[in-house]
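Before anything else, here's the structure in question.
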Amino acid sequence: MVYLEEKYSFPKLSAIEWRPINTIDVNDEENAKKLFTLLDKLEDLDDVQTVASNFNIDEELLKKVIQ
């Protein structure tokens with residue numbers, strides 16, 4: 001470990017993240033709106049600490065849905 005720190009310096013950021021093996025493509029505006037409504041409602045629950053998802057969405061569609 002000391003060798004790596006000497007060669008590359010100390011890391012600025014370190015994190016463990018869960019990455020999905022299977023993802024779902026969201027291509028429909030109606031389904032995207034439903035999905036984001038569900039995610040918002042889950043995040044608003046007092047007992048929920050973290051909300052994760054496994055979807056891919058086009059940037060253009062994302063901009064439409066979140067406005």
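The values are calculated or read from the model by the stated rules, or taken from the named source; none is laboratory data. In this text the structure is predicted, and so the values were computed from the model without any measurement. Note: ideal-geometry Cβ built from the backbone for every residue, glycine included; neighbour counts use all protein chains shown.
Can you name the residue in region 1-24 that is among the basic types (Lys, Arg) and over 14 Å from the mean Cα position of the chain (by Cα) and, of all such residues, is farthest from Asn54 (Cα to Cα)?
Step by step, filter region 1-24, then rank; the result is Lys7.
Considering only residues of region 44-67 that are charged (D, E, K, R) and surrounded by 11 or more Cβ atoms within 10 Å (Cβ to Cβ), which is farthest from the chain's Cα centre (by Cα)?
Top of the filtered list is Lys64.
Now, a different point. Would you pick out the residues in region 27-67 that are of a type in the set (Ser, Thr, Tyr) and either in contact with a helix residue (DSSP H, G or I) (Cβ under 7 Å, 6 or more places away or on another chain) or at pLDDT 95 or above (or both)?
Thr37, Ser53
So, in region 36-59, exactly how many residues are in contact with a Ser or Thr (Cβ under 8 Å, 6 or more places away or on another chain) and of a type outside the set (Phe, Trp, Tyr)?
Going through region 36-59 one residue at a time, the tally reaches 3.
Another question about this same structure. Does region 38-59 hold any residues that are without any contact (Cβ under 8 Å) to a residue 12 or more places away in the chain, of a type in the set (Val, Ile, Thr) and closer than 20 Å to Arg19 by Cβ, and which are they?
Result: Thr50, single match.
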